[in-house]
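Single-structure report; data block below.
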Amino acid sequence: DKYSAQPFYPYPLDIPQWERPSPEEAARLILATKQRGEKNRPKRSQFFFDDLWNVHDRAEAWKQVKTTRFLGRELLIHHAILEELALVEQRINELAETSAEVREWIKNRLMILFMFKE
């Protein structure tokens with residue numbers, strides 16, 4: 001209920017209705033995809049993700065990942081959101097005290113949003 005879109009992303013709040021491309025447009029897209037191939041992928045600055053995540057390689061990225069527990073499961077998560085995740089867990093547990101639906105959700109572990117460490 002309190003969601004607000006980030007002002008620097010001009011995405012619509014609702015997904016627009018999908019429209020099937022014309023046969024000509026579909027053929028053009030297929031051809032462009034085949035022509036581009038793996039070696040002709042769009043170029044991106046190597047520094048974009050360095051600045052976005054403040055890491056320069058896989059080893060640095062793994063240093064920022066921590067193991068924690070969430071609703072009884074172990075998961076890997078970026079260290080910067082550990083406190084926020086704990087608050088989310090607290091709120092879910094509070095709701096579970098009065099909501100059978102939330103208890104059922106926890107019981108069935110419908111949390112595909114996270115990469116759980118098995």
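Give the aspartates and glutamates reachable from Lys63 as a straight Cα distance under 20 Å; neighbours fewer than 8 places away on the same chain don't count.
Asp50, Asp51, Glu74, Glu83, Glu84, Glu118
How would Asp57, Asp50 line up by accessible area, probe 1.4 Å, largest first?
Greatest to least solvent exposure: Asp57, Asp50.
Go through Thr68, Thr98, Thr33 and list them by solvent-accessible area, largest first, probe radius 1.4 Å.
Reading off the accessible areas and sorting them downward yields Thr98, Thr33, Thr68.
How large is the accessible surface of Ile30 in square angstrom, using a 1.4 angstrom probe and rounding to the nearest 10?
The accessible area of Ile30 comes to roughly 100 Å².
With every protein chain left in place, what is the accessible area of Val65 in Å² (1.4 Å probe, nearest 10)?
Its accessible surface works out to 40 Å², give or take rounding.
Using a Förster radius of 41 Å, what is the FRET efficiency between Trp105 and Trp18 based on their Cβ-Cβ separation? Nearest 0.05, please.
After rounding to 0.05, the efficiency reads 0.90.
Once the Cβ-Cβ distance between Ala61 and Leu85 is put in as r, and R0 is 25 Å, what FRET efficiency do you end up with, to the nearest 0.05?
Working: r = 18 Å, r/R0 = 0.73.
Here the calculated transfer efficiency is 0.85.
For region 81-86, what does the Karplus curve 6.51 cos²θ - 1.76 cosθ + 1.60, with θ = phi - 60°, yield as ³J(HN,Hα) per residue in whole Hz, taken in order and with x for Gly and Pro?
Once θ is set to phi - 60°, the couplings for region 81-86 become 10, 4, 5, 5, 5, 4 Hz.
Per-residue accessible area for Glu97 at 1.4 Å probe radius, Å² rounded to 10?
Glu97 exposes around 140 Å² with every protein chain in place.
The values are calculated or read from the model by the stated rules, or taken from the named source; none is laboratory data. Keep in mind that what you see is a predicted model, and the values were worked out from it rather than measured. Using ideal geometry, Cβ is built from the backbone for each residue, glycine included, and neighbour counts are taken over all protein chains shown. These area figures cover heavy atoms from the full protein model, side chains too; ligands, DNA and RNA do not enter into them. Shrake-Rupley method; radii C 1.70, N 1.55, O 1.52, S 1.80 Å.
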